[in-house]
């Protein structure tokens, strides 16, 4: 029995907007052809103002290549889920294309990804319905599954204001798989070909209630990419005076960034403050790429 989720409408995207809204979700989906009923992989970008663009590949999306699917979320469309003709199928009913109302059929590789897309589309639509697309971006950020509670950063670090407004420091989140997190790590070491389900599984294990891993990133919101990362790892020891210590490791800064020293300084100081907030008696930095210890910081 197909289930219905929300209402909205998608029309052709308006060009020349004065403000480029932030991206709320991006990634690959398969779209069924309208005339030749085959499935085509497209890399979709959904923005908070309803712009919904599909490209042939992730690389073309990043280079502003030709748009294959040029839509925009509006009102009065219905989203219906099915498990046929493919698992994890959903239909967006009422898309406006060249002045005509049509349906579009998509499927994703996992049920979790389908739910994420439906949630993202519905949240944007709800915000557009009340004339406030910015609330969609804020709500999606609140729903996003994070490695740890972001309030630990908000209340601890005095260095977060040292970065330009377009750069934000935050916990690693599931959507960072599509924001270049693994590509960033591969600049330091060979991470291998980690699939999205594998990333999700490892993420959930690291984000378990053990309060051990605090993977932290800097995102450039202008390009929706993770440009640096570092991890605070905490451990307990048999020491009455200092039962918990923290180690800052796996610092990676995008090779193309000119402000690498600043990014590293912000990450190290942020994680030092985070360690204190989490109850560490001391926090030390480990240069994992060289296998040496930088010492107490």
If I ask for residues that are touching a helix residue (DSSP H, G or I) at 6+ places or on another chain (Cβ under 6 Å) and without any contact (Cβ under 8 Å) to a residue 40 or more places away in the chain, which ones from the stretch 230-246 would you list? 246
Is the stretch 93-105 home to any residue that is closer than 19 Å to residue 34 by Cα, free of Cβ contacts under 8 Å to residues at least 60 places away in the same chain, surrounded by 19 or more Cβ atoms within 10 Å (Cβ to Cβ) and in the same structural domain as residue 29 (by TED's automatic domain parsing)? yes
Test residue 163 against the criterion of being under 12 Å from the mean Cα position of the chain (by Cα), touching a residue at least 12 places away in the same chain (Cβ under 8 Å) and at negative phi, and give yes or no. no
If I ask for residues that are more than 25 Å from residue 235 (Cα to Cα) and surrounded by fewer than 19 Cβ atoms within 10 Å (Cβ to Cβ), which ones from the stretch 255-278 would you list? 255, 256, 257, 258, 259, 260, 261, 262
Please return the ranges of strands (runs of 3 or more DSSP E) entirely within the stretch 233-297 where 2 or more residues are at pLDDT 90 or above and closer than 23 Å to residue 172 by Cα. 244-253, 282-287
Note: among 179, 249, just one is out of contact with any helix residue (DSSP H, G or I) (no Cβ under 9 Å at 6 or more places or on another chain) and within 21 Å of residue 61 (Cα to Cα), namely 179
When the stretch 144-153 is checked residue by residue, the ones that are part of a helix (DSSP H, G or I) and either buried (at least 16 other Cβ atoms within 10 Å of the Cβ) or touching a helix residue (DSSP H, G or I) at 6+ places or on another chain (Cβ under 7 Å) (or both) are 152, 153
Any residue at all in the stretch 167-176 that's over 19 Å from the mean Cα position of the chain (by Cα) and under 29 Å from residue 227 (Cβ atoms)? no
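The values are calculated or read from the model by the stated rules, or taken from the named source; none is laboratory data. Everything numeric here is computed off the predicted structure, so don't read it as measured data. Here the Cβ is made from the backbone with ideal geometry for all residues, glycine too, and neighbour counts use every protein chain on show.
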